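Heads up: the structure comes next, in structure tokens.
The values are calculated or read from the model by the stated rules, or taken from the named source; none is laboratory data. Small disclaimer: the values here were computed from a predicted structure and weren't measured. Positions of Cβ are backbone-derived with ideal geometry, glycine not excepted, and every protein chain shown enters the neighbour counts. Keep in mind that these areas ignore ligands, DNA and RNA; they rest on the heavy atoms of the full protein, side chains included. Shrake-Rupley method; radii C 1.70, N 1.55, O 1.52, S 1.80 Å.
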Amino acid sequence: MCDQPPVPSNSRPPRNGSPHLPFGDMKGAPWYGKDILSVRQFSRDDLDYIFGVAHEMREMVERVGTFDLLKGKILANLFYEPSTRTSASFTAAMERLGGSLIPIQEVRYSSVAKGESLPDTIRTLECYADVIVLRHSETGSAKIAADYSKKPVINAGDGVGEHPTQALLDLFTIVEELGRVDGLTVTMVGDLKYGRTVHSLARLLSLYQVRLRFFSPDILKMPDEILLELRNKCIPYEVCSSLEGAVEDTDVLYVTRVQKERFEDPNDYEKVKGAYVITPKTMEVAKPDMIVMHPLPRVGEIAMEVDDDPRAAYFRQMEYGLYVRMALLAMVLGKA
Ligand code: CP
């Protein structure tokens, strides 16, 4: 018997006895004031809603470029780990919506370098910003930040835990590119142990009727905790020992980088780096409408010769991230 795990509530208790509602039109906004910490807080209906808003954001950007939905709102972008896409796309999202930004891209130039704790940094930023986007190296840090913050916190990656906004943009990419999720075979390749993007994506995909395949070097297998969740939700999955035979009937080939920075022993990294590379030869056996995705950055696991193949969706995927993050900012600030 497969149980559907309960969906944790993300409802924030009223602050100071009453909800914080600065605008009259916010009362009905379902995501107003909420944190986005884990994909576990989303149902399929939520995803339809988010993707509907993201699709509208895409149309608006294509039509007018920038508009004033979040004029007067301020985002604090607090990054304890390096980032290009997540940080830049949240910045672009806020600016395209007419809002502004406190960028703390490099915490060593902030008071973190003097030893300030995460809770105190969060308490500081909530004085100045309406929403806080946090990337941190510790799993669970986004939840800690949310517990201390009166303003919504969006998890932009917490250690090897989750990267929920990446998973949302990954799923939005699949929907926009292939038009459906049910019935698809998704093959995840690479660092499935430390890869927070694949942890979050596997959990989101388990809301659909999908088939999953996992291929990784032996020491980088998908954690048992995720596999157990999939079994409990009756999601069929295979753990493959080779990519051969795994690509032919795949609809989405989701490739990830081996994350050097996560290894305790550098020798282990040396053993597995370069263990798999997607090349034009891989693409020869793939379906004509398969898509290749990657959260990026890549460090050699997809050959550059694949980039011109129309099935290479990883650069388009980054653009979808802008629309999803615009949708999330508008939602938590009560404007969607
Ligand atoms: N995909 C992703 O999180 O990329 P960055 O590390 O560049 O933000």
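Worth pointing out:
- Taking 12 Å as the cut-off, the amide N atoms of the range 131-166 that come nearer than this to a point 7 Å along the Cα-to-beta-carbon line of Ile102 belong to 131-133, 150-151.
- Heavy-atom accessible surface of the chain: percent carbon and sulfur, 1.4 Å: 52 percent
- Dipole of the range 164-318 [Lys/Arg +1, Asp/Glu -1 at C-beta], most positive-end residue of Gly190, Tyr314, Tyr237: Tyr237
- Straight-distance crosslink candidates among lysines, where the alpha carbon sits under 18 Å from Lys221 and sequence neighbours closer than 8 are dropped: Lys193, Lys260, Lys271, Lys273
- Using C-alpha pairs under 8 Å with a sequence gap of at least 6, the mean separation divided by the residue count of the chain gives a relative contact order of 21 percent.
- Surface calculation, 1.4 Å probe, protein heavy atoms: His55 sits at approximately 70 Å² accessible.
- The range 164-318: relative contact order in percent, alpha carbon pairs under 8 Å with at least 6 residues between: 24 percent
- Ranked by the mean number of other Cβ atoms within 10 Å of their residues, highest first, the peptides 295-303, 241-249 fall in the order 295-303, 241-249.
- Cβ-placed point charges (K, R +1; D, E -1), dipole of the chain about Cα centre in debye, nearest 20: 1040 debye
- Rolling a 1.4 Å probe over the protein heavy atoms gives the range 211-332 an accessible area of 47 Å² per residue.
- With every protein chain in place and a 1.4 angstrom probe, the accessible-area ranking of Met293, Met60, largest first, reads Met60, Met293.
- Cross-link reach list, lysines versus Lys71, counting only Cα pairs under 23 Å and skipping chain neighbours closer than eight places: Lys27, Lys34, Lys150, Lys151, Lys335
- Relative packing of peptides 275-286, 29-40 - highest average C-beta neighbours within 10 Å first: 29-40, 275-286
- Share of Cα-Cα pairs in the chain lying beyond 37 Å, as whole percent: 16 percent
- Antiparallel DSSP beta bridges within the chain, percent to nearest 5: 5 percent
- For Tyr276, neighbours were defined as the other residues whose beta-carbon sits under 15 Å from its Cβ, and their charges (Lys and Arg +1, Asp and Glu -1) total +4.
- Sorting the segments 214-226, 166-178 by their residues' average number of neighbouring beta-carbon atoms within 10 angstrom, most packed first, yields 166-178, 214-226.
- Signed unit charges on C-beta, dipole axis of the chain, positive-most listed residue Leu70, Val133, Gly300: Leu70
- Straight-line cross-link reach from Lys143 at under 14 Å between alpha-carbon atoms covers these aspartates and glutamates, not counting any fewer than eight positions away in the same chain: Asp35, Asp158, Glu162.
- Evaluated over the Cα positions of the range 180-302, the convex hull gives a direction-averaged projected area, one quarter of its surface, of 7.3 nm².
- Separation of the range 92-167 from the range 195-255 is 29 Å, based on Cα centroids.
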